[in-house]
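Trainee: One structure is given below, represented as C-alpha cells, and several questions about it will come after.
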C-alpha cells in the first residue's frame, strides 16, 4: 500500500472539500441568513461559524482517510469504503436535520456535507481503485 499516494489523495481531497464548503457556506449565509443549530448537549440554537464548518471538514478528511486505509485491507476495498461513507453521510445528515433550527438550515447542512464528501470520498475511492489495479 503506497502511503504517500494515500496521504496525497487525502490532502488534495480535503483541501478541495474545504474550498467547496466555504463556497457553499457563503452562499447559504447570503441566501438564508446565519445557519443556526443546537449543538450536541446544548439547549438553544447557535450560529455555526465558518471555522466550525472548516474544522468539521478537516476532521471528515481524517476520518475518511482512516476508513480508506482500513478498507484497503478488505477483499473489496472500494465497495466497503464507499458503502461505509454513504451510510455515515446519511446518518450524519439525519442528525444534522434534527439539530437544525429550521428547514433551510437542515437543507444547507446536508448540502455542506455532500460538498465535503464528494472530493474526499472521490479521491480516496480513486486511490483504492488504483491500488486494486496494481495488486491484482
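What follows draws every value from the coordinates through simple rules; no lab data is involved. Just so it is clear, the structure is predicted and the values come from calculations on it, not from any experiment. For neighbour counting, all protein chains shown are included, and Cβ atoms are generated from backbone atoms with ideal geometry for every residue, glycine included.
Trainee: If I compute Kirkwood radius over Cα pairs in Å from the structure I just sent, which labelled value in (1) 16.4; (2) 15.5; (3) 17.6 lines up?
Mentor: So the calculated entry is the one marked (2).
Trainee: Can you sort 127, 108 from fewest to most other Cβ atoms within 10 Å of each residue's own Cβ?
Mentor: 108, 127
Trainee: I've got another one for you. Applying 1/(1 + (r/R0)^6) with R0 = 35 Å to the Cβ-Cβ distance of residue 104 and residue 84, what FRET efficiency is obtained, to the nearest 0.05?
Mentor: 0.75
Trainee: Averaging sequence separations of C-alpha pairs under 8 Å and six or more residues apart, then dividing by the length of the chain, give the relative contact order as a whole percent.
Mentor: The value is 38 percent.
Trainee: Right, next: Per 0.36 nm of contour for each residue apart, how much would the distance between residue 23 and residue 126 grow if the chain were fully extended, relative to their Cα-Cα spacing?
Mentor: My answer for the length gained is 34.7 nm.
Trainee: Here's a follow-up. For 57, 74, 14, which order do you get if you count the other beta carbons within 10 Å of each Cβ and list the fewest first?
Mentor: 74, 14, 57
Trainee: Which peptide among 117-124, 25-32, 66-73 comes first, and what is the full order, when sorted by highest mean count of other Cβ atoms within 10 Å?
Mentor: Per-residue mean Cβ counts within 10 Å order the peptides as 117-124, 66-73, 25-32.
Trainee: Is it possible to state the helix-based mean residue ellipticity at 222 nm for the chain, with each DSSP H run of 4+ residues giving -39500 (n - 2.57), the sum divided by total residues, to the nearest 500 deg cm²/dmol? What is it?
Mentor: -28500 deg cm²/dmol
Trainee: Quick one: order 55, 75, 9 by neighbouring beta-carbon count within 10 Å, fewest to most.
Mentor: Lowest to highest Cβ neighbour count: 75, 55, 9.
Trainee: Also: At 0.36 nm per residue, minus the direct Cα-Cα distance, what do residue 91 and residue 62 gain on full extension? Give it in nm, one decimal, please.
Mentor: 8.6 nm is the gain from fully extending residue 91 to residue 62.
Trainee: Here's something else I'd like to know. Suppose R0 equals 25 Å; then what is the FRET efficiency for residue 70 and residue 118 from their Cβ-Cβ distance, rounded to the nearest 0.05?
Mentor: The pair residue 70/residue 118 has a calculated efficiency of 0.75.
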